[in-house]
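Below is one structure; the comments refer to it alone.
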Amino acid sequence: MLGFLEKVADYTKEVVSAAKYLVDGLGVTFDHMRRRPVTVQYPYEKLIPSERYRGRIHYEFDKCIACEVCVRVCPINLPVVDWVMNKETKKKELRNYSIDFGACIFCGNCVEYCPTNCLSMTEEYELAAFDRHSLNYDNVALGRLPTSVTSDPSVRSLRELAYLPEGIIDPHELNANQKRAGKLPSQIINELKAEKSQEEDNNHSSNMVSNKSNPTN
Ligand code: SF4
Ligand code: SF4
């Protein structure tokens, strides 16, 4: 009899702890149900990188003087400057230039110290590839103009934390009517259009007034 009662007590304890875990789990679910999203539905939505974002490096072959300063200031001596000495002109002739973005840490040192400003950091951050060797960009790939999130009509570009009101970083306990901090590019365009049409209306009405006051015109 005592053994039976012990088994019942153990079983009851297990049922209670299972119910507790269930309630805890549902608590997390319900907590997330009443908060605003902070995620971005990539690749249909993309964040607009900040102004000084250090993305893929852009390189201008024509400006490069093959001085190799970029190699010396790079923490891992990454850029490969392939040049030969022209014995007649006694000047370096640049053949190729490459940076392996599989190893680059995007510190920006090379861009900072390049004496001819032929390197610049772009806002391009989508560098994923199936083969890591394809991340070794030569001067042609480095010279390609960067893609921009805002100029891609197939994606909805978002500012960071655009779903949340200004100054708030906790997505819980928010009134559904509270305004979000950032404006979507479509909202900005609509506002600009409204401002422009308002200006045109004002100009039109001021022209009408001046025509009435000067009937000889
Ligand atoms: S520092 Fe600039 S100019 Fe000199 S080799 Fe590097 S990219 Fe070319
Ligand atoms: S960004 Fe930094 S790590 Fe990358 S090539 Fe330039 S100096 Fe080297």
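Overview of results
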read-out	value
Built amide H within the under 5 Å cut-off of residue 55, gap 5+	122, 124
Segment residue 198-residue 65, length gained on full extension (0.36 nm per residue, minus Cα span)	42.6 nm
Cα gyration tensor shape for segment 1-140, rounded if a/c is under 1.5, else prolate or oblate	prolate
Spatial separation of Cα centroids for segment 60-134 and segment 20-53, in angstrom	39
Distance in nm between pseudo-label sites at residue 44 and residue 11 (7 Å out along the Cβ direction from Cα)	4.9
Residue 208-residue 191 pseudo-label distance in nm [points 7 Å out on the Cα-to-Cβ vector]	2.9
Sparsely packed GluC sites (Glu not before Pro) within segment 32-86, loop by DSSP, other Cβ within 10 Å at most 16	51, 60, 68
Label-point separation in nm, residue 89 to residue 20, each point 7 Å along Cα→Cβ	8.0
In sequence order, calculated HN-Hα J values of segment 101-114 (Karplus, 6.51, -1.76, 1.60; Hz; x Gly/Pro)	6, x, 10, 4, 9, 6, 6, x, 4, 4, 5, 5, 9, 4
Principal axis dimensions, segment 57-143 - Cα atoms, whole angstrom, descending	44, 25, 21
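The numbers here are math on the coordinates, done by the rules we state, and not lab data. Keep in mind it's a predicted model, so treat the numbers as computed, not measured. Cβ sites come from the backbone with ideal geometry, for glycine too, and all protein chains shown count toward neighbours.
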